[in-house]
Each structure stands twice: as structure tokens, then as C-alpha cells.
């Protein structure tokens with residue numbers, strides 16, 4: 001996992017006040033996987049809707065990876081499709 005993706009994971013941990021274990025983080029290869037995992041987290045699902053999670057994750061992706069959502073979709077892969085490292 002490259003530095004950009006580590007920064008994204010750290011940002012999401014801060015945003016949602018959760019810990020994403022390393023063994024889970026390495027499996028998060030697309031926005032859909034990230035959104036699904038975070039939205040299913042008990043602490044997150046008790047506080048925020050899936051829609052809120054989705055918007056927040058995409059904003060973090062745009063900010064941390066310097067890419068725009070317009071050119072990608074939830075199943076785009078961070079490294080292969082988005083060029084993140």
C-alpha cells in the first residue's frame with residue numbers, strides 16, 4: 001500500500017473516529033469496498049447514513065488522492081484505474 005492510500009486510510013479513520021486494521025486496509029482496493037466496510041462499522045452505522053458515508057469517502061478520495069469522482073465509479077480500483085500509489 002502506497003503513501004497516498006495510507007494517507008486516505010488515516011484520513012478516514014479520523015473522519016469517522018474508527019480504526020481500520022492493517023489487514024482490512026490492504027483489502028480496500030476500490031471506493032465501494034471502503035464505503036461498504038465503513039458504513040457497516042457499528043460505530044459509524046449508529047451515527048451516520050450510508051449516503052453520508054459515501055459523500056465523505058468520495059471527498060476524502062478527491063482530497064487525498066487528488067482525483068475527481070467524475071471520471072471514476074465505486075468499482076474503480078485505486079491503483080489500477082485511478083493511478084494511486
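Here is how the numbers come out for the structure above:
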read-out	value
Unmet requirement for residue 64, which otherwise passes all of (1) modelled with pLDDT under 95; (2) out of contact with any helix residue (DSSP H, G or I) (no Cβ under 6 Å at 6 or more places or on another chain); (3) part of a helix (DSSP H, G or I)	(2)
Boolean, residue 55 is within 14 Å of residue 84 (Cβ to Cβ) and free of Cβ contacts under 8 Å to residues at least 60 places away in the same chain	no
Number of positions in region 1-32 that are surrounded by 17 or more Cβ atoms within 10 Å (Cβ to Cβ) and in a helix (DSSP H, G or I)	9
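The values are calculated or read from the model by the stated rules, or taken from the named source; none is laboratory data. If you're wondering where the values come from, they're calculated on a predicted model, not measured in any experiment. Heads up, the Cβs are rebuilt from the backbone with ideal geometry, glycines too, and the neighbour counts pull from every protein chain shown.
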